[in-house]
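Structure first, then comments.
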Amino acid sequence: QVQLVESGGGEVQAGGSLRLSCAASRDIKSFNAMHWYRQAPGTQRESVATITNGGTTKYVDSVKGRFTISRDDAKNTVYLQMNSLKPEDTAVYYCAAVDFFATYWGQGTQVTVSS
C-alpha cells in the first residue's frame, strides 16, 4: 500500500509564497511520474504540475512562471514551490503518484490565498 503525505499548506496573502511537500512511502523512482493536483470548491480536480523520473516538468498555463515542481529521490519527496500566489490559487492540493497499475493519492492540504 502506497502512502503519500502532503504538508506545507496554509493561509497566505496574495503575492506570498508556500512550499508544499509530498513524502512517499515507496521509492518515487518506481513511479512513472509524480503530480500535483488541486480542487477548489465546486470545481473539478485539475492537474497543476507533473515531473517525470527523467526530470521533465509540465505545468497548467495558469501557474507557469509562478510554480515549480521538483523532486528529491533520496528523500522520496516531491515539492511544489508556489510564488506570487493569487486568490484563485485557493484550493485543496493533492499529490499523486502513477505506476503501471494504479494512481495513488494523498489526503490533500489546504491552500488559502487572501486578497
Test for Thr50: is it part of a strand (DSSP E or B), open to solvent by less than 40 Å² (accessible area, probe 1.4 Å) and farther than 18 Å from Val5 by Cβ: yes
Any chance Ser115 is under 15 Å from the mean Cα position of the chain (by Cα), over 17 Å from Leu4 (Cα atoms) and hydroxyl-bearing (Ser, Thr, Tyr): no
Filter result (part of a loop (DSSP other than H, G, I, E, B) and free of Cβ contacts under 8 Å to residues at least 60 places away in the same chain) within segment 72-83: Asn76
Matching residues, segment 84-115, being open to solvent by 60 Å² or more (accessible area, probe 1.4 Å) and either among the polar types (S, T, N, Q) or assigned to a strand (DSSP E or B) (or both): Ser84, Thr103, Trp105, Gln107, Gln110, Ser115
Test result for Thr57, at pLDDT 95 or above and surrounded by 12 or more Cβ atoms within 10 Å (Cβ to Cβ): yes
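Listed here are the residues, each with its yes/no results for (1) acidic (Asp, Glu); (2) under 19 Å from Ser115 (Cα atoms).
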residue: Val2; (1), (2): no, no
residue: Gly9; (1), (2): no, yes
residue: Ala23; (1), (2): no, no
residue: Gly54; (1), (2): no, no
residue: Asp72; (1), (2): yes, no
residue: Ala91; (1), (2): no, yes
In segment 2-47, residue surrounded by the most Cβ atoms within 10 Å (Cβ to Cβ) [restricted to those that are at positive phi and either in a loop (DSSP other than H, G, I, E, B) or free of Cβ contacts under 8 Å to residues at least 40 places away in the same chain (or both)]: Gly8
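Would you please name the residue that is farthest from Val92 (Cα to Cα), looking only at residues in segment 60-78 that are among the charged types (D, E, K, R) and open to solvent by 70 Å² or more (accessible area, probe 1.4 Å)?
Selected residue: Lys75.
The values are calculated or read from the model by the stated rules, or taken from the named source; none is laboratory data. The model shown is predicted, which means the values in this text are computed figures rather than measured ones. When we count neighbours, we look across all protein chains shown, and the Cβ atoms used for this are built from the backbone with ideal geometry, even at glycine. These area figures cover heavy atoms from the full protein model, side chains too; ligands, DNA and RNA do not enter into them. Shrake-Rupley method; radii C 1.70, N 1.55, O 1.52, S 1.80 Å.
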